[in-house]
Number of protein chains: 2
Amino acid sequence: MLEYIYRRRSIRKFHADRPVEPEKVTELLRAAMAAPSANNRQGWRFIVVDDRETLDKLAEHYPNADMLFTATLCIVPVADMETFYYQQDLAAATQNLLLAAPELGLGTCWCGMKPERQEWAHEFFEVPEGWWVFALIAVGYPAEEKPANTWYKEENVFRGRWGARREA
Amino acid sequence: MLEYIYRRRSIRKFHADRPVEPEKVTELLRAAMAAPSANNRQGWRFIVVDDRETLDKLAEHYPNADMLFTATLCIVPVADMETFYYQQDLAAATQNLLLAAPELGLGTCWCGMKPERQEWAHEFFEVPEGWWVFALIAVGYPAEEKPANTWYKEENVFRGRWGARREA
């Protein structure tokens, strides 16, 4: 029933010869910006990277971003650091984007951005002070298949207070 | 096309006499735990609150959580603070839950948890050290309607680097 949620999986191999059509990029961004944000601030910007040279540079620089060698698109959400909630707002937008992708035939992988890489990323993307480079989202036509999935565990669920079991 | 994303709206009025069926609560939690998490740590727990007295207490205590007076369910995600990414992981799980709700006929509202309210929340829910009470998610059968929507703005999108315009 909730297939549109379960089919989102981290895809790490893409068809490097299949660019993502500009209309699909727009659809991904429309989905991202449908997310809720604290006080509806919409404190988000998105840098679209779609040239091979830049994608390769990012893949070389980030040790866990190998999938960018085959991804044909990288979307880089950037957060306005003014509210406490900017990490949450950007994560919600990112998750929307990830869930939209399979409907468009696309796969994605969310690469977190560690604090020690901010300086490099700021310089690379020319991001101003007060903004946080949130993540690298690899996108492309998937060259691997993964089944729909949830990691649901009943033991992660309590009722009323921490430690109290719920009868499912 | 991406209706399952656009129809998520913040619902603040619910039918107070319509409890959420336990099977639907499980579906919401299955969706939440289908989210990606850094290194697949799954550092999340979920406290299910479904009794009127506790819902009212939360509504009274949190100034922006009035909708809990009519919501018949509140899901409280709690985060393992061990990684830098816990805010992001929990936000992704929360967003999944919000997107699952309309498919089940339910509405939701995501209430952020400010740092100064942690102590109260820790005591109230008996949460151990090292865990962060992430948010209050009000859930119920909606008593208000809102149209599907995105806040997409082309000016939030750059190409290649900050400030460079994209031709959509």
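Overview of results
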{"item": "Any helices (runs of 4 or more DSSP H) falling wholly within segment B:1-105 and containing at least 1 residues that are modelled with pLDDT under 95 and aliphatic (A, V, I, L, M)", "result": "none"}
{"item": "Members of segment A:128-168 found to be among the β-branched types (Val, Ile, Thr) and in contact with a Pro (Cβ under 9 Å, 6 or more places away or on another chain), listed by number", "result": "A:Val133, A:Ile137"}
{"item": "Subset of segment B:1-24 that is within 13 Å of the chain's Cα centre (by Cα) and within 8 Å of another protein chain (Cβ to nearest Cβ) - its residue that is nearest to A:Thr108 (Cα to Cα)", "result": "B:Arg8"}
{"item": "Which listed residue, of A:Asp56, A:Asp50, A:Asp80, A:Asp66, is farther than 22 Å from A:Pro19 by Cα and more than 7 Å from chain B (Cβ to nearest Cβ)", "result": "A:Asp80"}
{"item": "Flag if B:Ala135 is of a type in the set (A, V, I, L, M), in contact (Cβ under 8 Å) with a residue 40 or more places away in the chain and within 23 Å of A:Asp80 (Cα to Cα)", "result": "yes"}
{"item": "Single condition A:Glu129 does not satisfy, out of (1) assigned to a loop (DSSP other than H, G, I, E, B); (2) closer than 22 Å to B:Trp110 by Cβ", "result": "(2)"}
{"item": "Filter result (crowded, with 24+ Cβ neighbours inside 10 Å and of a type in the set (A, V, I, L, M, F, W, C)) within segment B:80-100", "result": "B:Leu90, B:Ala91, B:Ala92, B:Ala93, B:Leu97, B:Leu98, B:Leu99, B:Ala100"}
{"item": "Filter result (within 17 Å of the chain's Cα centre (by Cα) and either more than 11 Å from every other protein chain (Cβ to nearest Cβ) or assigned to a strand (DSSP E or B) (or both)) within segment A:132-168", "result": "A:Trp132, A:Val133, A:Ala135, A:Leu136, A:Ile137, A:Ala138, A:Val139, A:Gly140, A:Tyr141, A:Pro142"}
{"item": "Some residue of segment A:111-132 being out of contact with any His (no Cβ under 6 Å at 6 or more places or on another chain), buried (at least 20 other Cβ atoms within 10 Å of the Cβ) and within 19 Å of A:Glu27 (Cα to Cα)", "result": "no"}
{"item": "Leading residue by the ranking (nearest to A:Ala93 (Cα to Cα)) among those in segment B:92-124 that are small (Gly, Ala, Ser) and either free of Cβ contacts under 8 Å to residues at least 12 places away in the same chain or more than 7 Å from chain A (Cβ to nearest Cβ) (or both)", "result": "B:Ala93"}
{"item": "Members of segment B:133-168 that are in contact with a His (Cβ under 8 Å, 6 or more places away or on another chain) and either modelled with pLDDT under 95 or buried (at least 17 other Cβ atoms within 10 Å of the Cβ) (or both)", "result": "B:Val133, B:Gly140, B:Tyr141, B:Pro142"}
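The values are calculated or read from the model by the stated rules, or taken from the named source; none is laboratory data. Every value quoted in this text rests on a predicted model; they were computed, and no experiment measured them. All Cβ positions, even for glycine, are placed from backbone atoms using ideal geometry, and neighbour counts span all protein chains on display.
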